[in-house]
Amino acid sequence: MKIELLHRPGNTAAKVTLNQGEVITAESGAMIAMSGDMDITTTTHKKKSGGFLKALKRMVAGESLFLNHFEPKGVSGEVIFGTALAGDMMTLNLDNESLIVQGSSFLACQEEIDIDLGWQGFKSIFSGESMFWVNLKGRGEVIVSSFGAIYPIDVDGEMIVDSGHIVAFNETLDFTITKAGKSWLHSFLGGEGLVCKFQGKGTVWCQSHNPNSFGSSLTSGLRARRA
Amino acid sequence: MKAEIKGSAAFAYLDVELDEGETITTESDAMSSMDADLDLTAQFNGGFFTGLARKFFGGETLFISKFTNNVTGTRRLTLVQPTPGEVKCIELNGDSFCLQPGAFLACTDGVDLGVRWAGFTSFIAREGLFKLEVSGNGKLWYGAYGALLEREIDGEYIIDTSHIVGYDPSIKLKLQLAGGIFSSLFGGEGLVTRVVGKGKVVIQTRSIAGLTSWINPKFPM
């Protein structure tokens, strides 16, 4: 399997070349082009899927994530993945470790990697923001995407990241939902509200731009639907 | 203080290193990540009443944030604007610069954020009743949606409304209707800005108003 990131960083697409027997798993809707003789299977989960009801429950909770598995029928094939928002992508190589990826930043990974969509983590606290998390475990390549540029932060101690800017982080990091600075009042008045505090040793990958902030700067100019 | 604009013109963000005792003032919700022991203080944007007025008539936030390093050693902070686009820095040495609503990202101590009456024509052009006039000594970072073009003008220059980001205070803005009064007021289009004077004008290559007016007709009725 070969992964190439094309047209970085503004309008990135990931080109994955697969040999026979190799499978790449991607978020639904990520494929923009592929070879004609590619097999696609769609599941709601990689393993221990929990069946239809569990998937339905996730969908009701606003976090439906179907996964597509691409496998070339012939000797080889290629798939190109893209995202809705403009921005960068990054590949990460997992070596029997665990990575937490923000749902909308997860793009694709090798089939050998375990994908746990049910990772609740700090989901409930962000009610209102449709945020969910994917826990990737195992060995292989992962592709994540971002809105804007991606910058890594090496955490050794404590670091605060605004919730809308998280792309992925090592599971070795502890995190708490807290305020920015010393005072809750100032954190809210300063527009930061709840932020994520990472503790320990590890890396957090951040996206330079927050999709929700961009969205709300648009909404004041959009006309309400007359339905 | 060390500050560096990263992320190219398309997705600019500002990496700041604050030494002991240093403070940076930023737009509300500009922080994307920071060291956990930096202090954040929210302040009214130009006093309580002007803050309120600017929020409701100027399209600005009620509060601005101050990040201070009250511990020993250098601390990191990353700042970004809500929309993708370019960020630029200017150094003020006792002079001043005018910014349109939303263009302000951050400034160092010594820079004053003044609020000036922009007039009703500005309000009609949906540029806000108030404008921000920054003055003093220090660095100022500002940005917009899209890339930034700088133009030195001497005389008259015409810019589409909602594409102006900032300008020297010696420059006067005059709105003029490109079409009839009716279509200009109610259609929200047909307004251009005539800038008159001598100095620098900064223009953004794209505008949020342009994007939303492209999206709006695509919603089902």
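The values are calculated or read from the model by the stated rules, or taken from the named source; none is laboratory data. All figures in this text were calculated on a predicted structure; none of them were measured in a lab. No Cβ is skipped: glycine too gets one built from the backbone with ideal geometry, and neighbour counts run over all protein chains shown. These area figures cover heavy atoms from the full protein model, side chains too; ligands, DNA and RNA do not enter into them. Shrake-Rupley method; radii C 1.70, N 1.55, O 1.52, S 1.80 Å.
With a 10 Å cut-off around each Cβ of B:211-218, the average count of Cβ atoms from other chains is 3. Buried area at the B:A interface is about 3300 square angstrom, summed over both chains, from accessible surfaces computed with a 1.4 angstrom probe.
Too long at a 32 Å Cα-Cα cut-off: which of A:K73/A:K201; A:K137/B:K218; A:K73/B:K218; A:K179/B:K218; A:K137/A:K197; A:K201/B:K88? Beyond 32 Å between Cα atoms: A:K73/A:K201; A:K137/B:K218; A:K73/B:K218; A:K179/B:K218; A:K201/B:K88.
Using only atoms on other chains, find how many Cβ atoms lie within 10 Å of each Cβ of peptide A:10-16 and report the average. Kindly include the intermediate steps, with their values, before the conclusion.
Values: counts 5, 1, 0, 0, 0, 0, 0.
Whole-number average of other-chain Cβ neighbours for A:10-16 is 1.
Couplings 3J(HN,Hα) for the stretch A:89-98, derived from phi with the Karplus relation 6.51 cos²θ - 1.76 cosθ + 1.60 (θ = phi - 60°), are 9, 8, 9, 10, 9, 8, 10, 6, 9, 10 Hz, where x marks Gly and Pro. Sequence-ordered 3J(HN,Hα) estimates for the stretch B:194-203 from the Karplus curve with 6.51, -1.76 and 1.60 and θ = phi - 60° stand at 9, 9, 10, x, 10, x, 9, 10, 10, 10 Hz, glycine and proline given as x.
If you take each beta carbon of peptide A:179-188 and count the beta carbons of other chains within 10 angstrom, what is the mean?
On the way: counts 1, 10, 13, 6, 4, 0, 2, 8, 5, 2.
The shielding value for this peptide is 5.
Between their Cα atoms, which of B:K174/B:K200; B:K172/B:K200; B:K6/B:K139; B:K2/B:K200 are more than 20 Å away from each other? Result: B:K2/B:K200 exceed 20 Å. Rounded, prolate or oblate: which fits the stretch A:141-227, taking a ≥ b ≥ c as square roots of the Cα gyration tensor eigenvalues, rounded meaning a/c under 1.5, else prolate when a/b beats b/c? In terms of gyration-tensor shape, oblate.
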